Amino acid sequence: MSDSVPCSLLFKLSPELRLKIYTHLLTFPTPIHLRQHVPGTPHTALLRTNRQIHHEAQAVLYDTNTISLSRNDFCLFTDPALQTPVETLQVRQLRFTSFGESLACNVLVERCAVCQDDARGLLEALGGMPVLRRVGVDYSTQIANFVRFRQLAAEEGGSRKGLTITCISVRTYRVRNAGFDQVDFTFSHRPLASIWPDLATLSHSLLSEEEQETVLARLRIQDPDTPDKLWLLLWAAQHGRLVDVLGEQVAGAWVDESSDALAGMSGEQRDAGLHGFTVMLQTFLKAHTAVQCRRFLGVLRESMGM
Ligand SMILES: [Zn+2]
């Protein structure tokens, strides 16, 4: 629909049909930044046509999409003019693109409650969003902030009953907070989360070397850095050569996610095992280049006469 369609035409339709049109025009496959134009579509212009359309269409926009925000947008010391204009009462799904403190609080000795390491103010703000059902935080660019947050939650577990952070898989942590039981709240390392599952499946598949290379090439388009690093580890694990890549001590942190041993563990053991493994992978991703990993895989293959 273009802006030139008269509003009166839209109002000749039944409310149900209007709703269908809004849903069709305003549902986006990736999280949206409300401050920006959504790439590739002029449809959000619909929101600016008149008051009634704005009211009806905005409800649909918040219902069907994931909204992208950062801690900056909740910071108590940041000028509201520099924050994303968002109807927090209507947000159902939220994605944090950054878990770092705001620019304003970064330069202050005393940060606001939202930007504190324990994120107390942020949790309160999220708890005050009545229809919020899902929160996803990508912590990959602020690993230190997440580590501190996790540590504080564990230390203060007694006094702040209800807040727990559990590693549920390689790459993802689930937050449970008594303040908002109904919210699915997770922290994930985005490069790991998007690449690991495919590669883990690939390493257990019976595909030929050429077929594996095709999958790798496709993943490199998505992320040129992560696939080769993780593939070296998975290949080495598959062929009993992990110690050559990681050294004996670090290789001990390897967890086979598909093994029954994991399922038989207590919640605490499972959390510790998966957390240790996730930290090891994060550290490995940071410490090596993709080129180094490809070369080393070549050396390993050669040493095995492959
Ligand atoms: Zn702040």
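General observations
- Within segment 35-62, residues that are farther than 21 Å from LEU17 by Cβ have Cβ atoms under 7 Å from residues that are modelled with pLDDT of 65 or more and among the polar types (S, T, N, Q) in these pairs: ARG35/THR84; HIS37/THR44; VAL38/THR44, counting only partners at least 6 apart in sequence or on another chain.
Quick grid of which residues meet (1) at pLDDT below 90; (2) within 16 Å of the ligand (Cβ to nearest atom); (3) surrounded by 21 or more Cβ atoms within 10 Å (Cβ to Cβ):
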position	(1), (2), (3)
ALA144	no, no, no
PHE149	no, yes, yes
SER169	yes, no, no
ARG190	no, no, no
TRP196	no, no, yes
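- Restricted to strands (runs of 3 or more DSSP E) entirely inside segment 83-199, those with at least 1 residues that are touching a residue at least 24 places away in the same chain (Cβ under 8 Å), under 21 Å from LEU34 (Cβ atoms) and charged (D, E, K, R) are 93-98, 134-138.
- Subset of segment 75-105 [over 18 Å from LEU132 (Cβ atoms), away from the ligand (no atom under 12 Å from the Cβ) and surrounded by fewer than 16 Cβ atoms within 10 Å (Cβ to Cβ)]: PRO80, ALA81
- Taken over segment 235-257, the criterion of being surrounded by fewer than 17 Cβ atoms within 10 Å (Cβ to Cβ) and assigned to a helix (DSSP H, G or I) is satisfied by GLN238, VAL243, ASP244, GLU248, GLN249, VAL250.
- Residue in segment 51-74 that is at pLDDT 90 or above, assigned to a loop (DSSP other than H, G, I, E, B), hydrophobic (A, V, I, L, M, F, W, C) and within 16 Å of the ligand (Cβ to nearest atom) present: yes
- Residue within segment 110-126 that is within 16 Å of the ligand (Cβ to nearest atom), at pLDDT 90 or above and either in contact with a Ser or Thr (Cβ under 6 Å, 6 or more places away or on another chain) or in the same structural domain as MET280 (by TED's automatic domain parsing) (or both) present: yes
- Qualifying residue in segment 68-80 (condition: touching a Pro at 6+ places or on another chain (Cβ under 7 Å) and within 30 Å of TYR22 (Cβ to Cβ)): yes
- Qualifying residue in segment 26-49 (condition: part of a helix (DSSP H, G or I) and at pLDDT 85 or above): yes
The values are calculated or read from the model by the stated rules, or taken from the named source; none is laboratory data. None of the values given here were measured: they were computed from a predicted structure. Ideal geometry is used to build each Cβ from the backbone, glycine not excepted, and the neighbour counts take in all protein chains shown.
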